[in-house]
Amino acid sequence: MEAVVVDAGSKLLKAGFAIPDQAPSMMKAFKDRNGMQIIPTQMKGMPEDGSLTDSSLFEDVTVDPVVRGFIRDWDAIEDLMHHVLYSGLGWEMGNEGQILFTDPLSTPKAVREQLVQMMFETFNISGFYASEQAVLSLYAVGRISGCTVDIGHGKIDIAPVIEGAVQQIASRRFEIGGIELTKLFAQELGKSNPLDNLDLSDVERLKEQYSCCAEDEAAYEKLQQSCHIEQHTLPDGQVISVGKERYTVGEALFQPSILGLEAHGIVEQLVHSISTVSSENHRQLLENTVLCGGTASMAGFEDRFQKEAGLCSSAIRPSLIKPPEYMPENLIKYSAWVGGAILAKVVFPQNQHLTKADYDENGPSIVHRKCF
């Protein structure tokens with residue numbers, strides 16, 4: 001049986017058997033369109049026959065399972081993993097397999113230990129491995145060195161990687177992401193539309209459908225003066241107008257002042273991050289830049305990023321790496337999962353993973369020595 005690869009983001013959990021040239025077979029959202037939890041749970045309202053659907057709801061849940069990339073609600077994650085592994089992927093009780101988790105940048109040691117403890121003690125897995133998302137995203141495009149710019153739902157991570165090792169001292173995390181851009185979009189839409197009954201999840205879908213990047217700053221300014229307006233009908237029949245707001249979302253990544261932040265744009269942040277690494281590695285890192293995360297799949301974002309890279313202050317300009325043609329479409333949204341599937345094909349057959357015997361002998365702390 002193939003190992004299972006799991007990538008738990010702040011908005012979506014991606015899971016599936018380690019088949020690198022395919023998309024993950026399961027992508028589960030943590031909340032439904034009304035902002036309610038849709039994580040299947042054994043503790044509240046689970047059908048006696050064990051059947052589960054995406055409409056299975058938590059009651060009175062206020063804690064998000066994953067916040068800014070890190071697991072916060074362990075009961076919720078346990079219930080979700082039970083559904084994913086047994087109902088979704090067909091594991092059998094007493095015959096559990098091997099599992100590889102992707103690990104966000106700067107994950108606290110306590111979180112890693114609690115994860116490996118849950119997997120061995122609650123799920124009785126036969127093998128465990130974890131690797132950092134930045135490294136895995138590079139593997140997905142056939143690189144072991146480079147730099148990832150990961151724009152997720154709850155954070156932006158910039159991580160230089162040399163020979164498969166994240167350069168932690170040069171890495172940067174910004175606790176803004178897609179959710180902040182959704183709130184910005186709502187704010188901008190509200191200036192020209194009555195949004196009394198529009199919740200954040202509706203705005204998020206509108207953002208994903210309409211938002212895009214202007215070609216450059218001058219084009220953005222021009223679009224703020226004159227822009228094609230589209231009419232969108234909401235599920236309740238309300239009609240709203242979407243115009244120049246669609247460009248504000250992408251522009252905020254290049255002009256953070258739009259979000260009220262005193263910071264450089266994302267390309268300059270990348271260059272500043274690389275500047276703290278030995279100069280002999282600058283070219284290797286900047287010329288192997290990989291974009292990942294759902295927000296980075298926004299229409300026009302890659303082109304704008306590359307154009308800004310050509311204007312940046314660095315003597316060596318960032319250059320984006322395109323995924324191989326044989327990789328699945330939309331790789332940018334789940335590149336860490338695909339990289340995990342590639343790595344799983346190596347670590348488990350070669351017995352480089354953490355076994356139950358390793359865990360029983362050393363406890364959860366063994367994860368820091370055996371993985372990453």
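The values are calculated or read from the model by the stated rules, or taken from the named source; none is laboratory data. The model shown is predicted, which means the values in this text are computed figures rather than measured ones. With ideal geometry, Cβ positions are generated from the backbone for all residues, glycine too; neighbour counts draw on all protein chains shown. Side chains are part of the model used for accessible areas, which takes the heavy atoms of the whole protein and leaves out ligands, DNA and RNA. Shrake-Rupley method; radii C 1.70, N 1.55, O 1.52, S 1.80 Å.
So, in region 134-172, of the ones that are open to solvent by 20 Å² or more (accessible area, probe 1.4 Å) and part of a helix (DSSP H, G or I), which residue ends up nearest to THR276 (Cα to Cα)?
Per the criteria, the residue is ILE169.
Rundown of residues vs (1) among the β-branched types (Val, Ile, Thr); (2) without any contact (Cβ under 8 Å) to a residue 40 or more places away in the chain; (3) under 23 Å from GLN22 (Cα atoms), yes/no style:
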| position | (1), (2), (3) |
| --- | --- |
| LEU100 | no, no, yes |
| ASP103 | no, no, yes |
| THR107 | yes, yes, no |
| THR122 | yes, no, no |
| VAL135 | yes, no, yes |
| GLY142 | no, no, yes |
| THR148 | yes, no, yes |
| GLY152 | no, no, yes |
| ILE156 | yes, no, no |
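With the condition kept exactly as written, say whether any residue in region 323-332 is not in a loop (DSSP other than H, G, I, E, B) and not aromatic (Phe, Trp, Tyr).
The answer is yes; a qualifying residue exists.
Report the residue count in region 173-192 for those that are over 20 Å from ARG68 (Cα atoms) and not in a helix (DSSP H, G or I).
Qualifying residue count, region 173-192: 2.
Among the numbered criteria (1) part of a helix (DSSP H, G or I); (2) open to solvent by 20 Å² or more (accessible area, probe 1.4 Å); (3) touching a Lys or Arg at 6+ places or on another chain (Cβ under 8 Å), which one does CYS227 miss?
It is condition (1) that CYS227 fails.
Any idea which residue in region 63-80 is nearest to the chain's Cα centre (by Cα), counting only those that are in a helix (DSSP H, G or I) and surrounded by fewer than 17 Cβ atoms within 10 Å (Cβ to Cβ)?
Restricting to residues being in a helix (DSSP H, G or I) and surrounded by fewer than 17 Cβ atoms within 10 Å (Cβ to Cβ), the top hit is TRP74.
For residues that are at pLDDT 90 or above, within 20 Å of the chain's Cα centre (by Cα) and over 17 Å from LYS370 (Cβ atoms), tally how many sit in region 81-126.
Number of matching residues: 5.
Within region 244-268, which residues are open to solvent by 20 Å² or more (accessible area, probe 1.4 Å) and either of a type in the set (Val, Ile, Thr) or within 20 Å of the chain's Cα centre (by Cα) (or both)?
Within region 244-268, PHE254, ILE258 qualify.
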